[in-house]
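The values are calculated or read from the model by the stated rules, or taken from the named source; none is laboratory data. Keep in mind it's a predicted model, so treat the numbers as computed, not measured. Neighbour counts are summed over all protein chains in view; Cβ atoms, including those assigned to glycine, are modelled from backbone coordinates with ideal geometry.
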Amino acid sequence: MEDDQRGKDDIREQMTSAERRAMVIAGELEELRTQLEAAERARKAAEAELHETSDRVSELAAANNSLVTSKRKLEIDIQAMQVRSQLVLLVDIKTKYCLSKSQIGDLFDFCRYVVNKQVIAAVVILVSK
């Protein structure tokens, strides 16, 4: 009888110990679930931030490309204005020195030739950048 009682007591202790371990494991499991949920929320927030950043980079790249295109156009326009101002200066010089119509015509032809060459050269330089 005493052996039976000791056996029952041992089994009760083992059962109590097993219940305690099960409760500790259940608490740890709940803590791990909470940490997993927090990590999942952090991952989703990081993905959302990544998408927003990627969108912003795309917007900035498009804006940069637009600005580069505008800059090239303005550089071509400036080059053309410089050529035109040189042409006006040449015409002014020729009129001051009373050139004949044929000399003025030759001058205009030459100026058009120079202007075309300079504009083409400017475009080639800008496009090659």
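Examine the range 54-61 for a residue that is among the small types (Gly, Ala, Ser) and either loosely packed, with under 10 Cβ neighbours inside 10 Å or at pLDDT below 95 (or both), and state whether such a residue exists.
no
Can you find a residue that is within 30 Å of Asn116 (Cα to Cα), in a helix (DSSP H, G or I) and in contact (Cβ under 8 Å) with a residue 40 or more places away in the chain anywhere in the range 48-70?
No, the range 48-70 has no match at all.
For the range 1-51, which residues satisfy the criterion of being acidic (Asp, Glu) and surrounded by 10 or more Cβ atoms within 10 Å (Cβ to Cβ)?
If the condition is that a residue be acidic (Asp, Glu) and surrounded by 10 or more Cβ atoms within 10 Å (Cβ to Cβ), then Asp9, Asp10, Glu13, Glu19, Glu28, Glu30, Glu31, Glu37, Glu40, Glu47, Glu49 are the ones that fit.
Of the residues Arg6, Arg43, Arg12, only one is part of a helix (DSSP H, G or I) and at pLDDT 95 or above; which?
Arg43
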